[in-house]
Amino acid sequence: MNTYENALKQLDEIINHLRNNQSADCSKAEEQDLQTLRFKTLKRVLSPNDQASIDKIAAYYAKHITKQA
């Protein structure tokens, strides 16, 4: 089961990944900035009992971060 603490760590890694892999293309970079802002907001409002969001974070992390490691 995905945990709240793990989701917070995954959000940190996702945010850092987006910052460190900024696209040179302006439109893509702008979209990455918006994604970063969304993840920062999600991290701030995420609650320990929001299992649906925690599961979505884990799925995004597995799809976009783990496969690149």
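The values are calculated or read from the model by the stated rules, or taken from the named source; none is laboratory data. Just so it is clear, the model here is predicted, and its values are computed rather than measured. Every residue, glycine as well, gets a Cβ built from its backbone with ideal geometry; the counts of neighbours run over all protein chains shown. In case anyone asks, the SASA skips ligands and DNA or RNA and just uses the protein heavy atoms, side chains included. Shrake-Rupley method; radii C 1.70, N 1.55, O 1.52, S 1.80 Å.
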Query - Backbone HN-Hα couplings from phi across the range 59-66 [Karplus 6.51/-1.76/1.60, Hz, Gly and Pro as x] - result: 5, 4, 4, 4, 6, 9, 9, 4
Query raised in the report: Taking every eigenvalue of the Cα gyration tensor of the range 1-68, multiplying by 5 and rooting it, what semi-axes result, largest first, whole Å?
Result: 23, 13, 9
Report summary line: Heavy-atom accessible area of the chain with neighbours in place, 1.4 angstrom probe: carbon+sulfur share in percent works out to 52 percent
Query raised in the report: Roughly how big is the chain's charge dipole about its Cα centre, with Cβ charges of +1 (Lys, Arg) and -1 (Asp, Glu), in debye to the nearest 20?
Result: 60 debye
**Report entry** Label-point separation, residue 26 to residue 53 (7 Å along Cα→Cβ), nm
**Finding:** 3.4 nm
**Report entry** 1.4 Å probe accessible area per residue over the chain, in Å²
**Finding:** 70 Å²
Query - Protection proxy ranking of 4-13, 46-55, 24-33 - average other beta-carbon atoms within 10 Å, highest first - result: 4-13, 46-55, 24-33
Query raised in the report: What ranking of 19, 44 comes out by heavy-atom accessible area, probe 1.4 Å, highest first?
Result: 44, 19
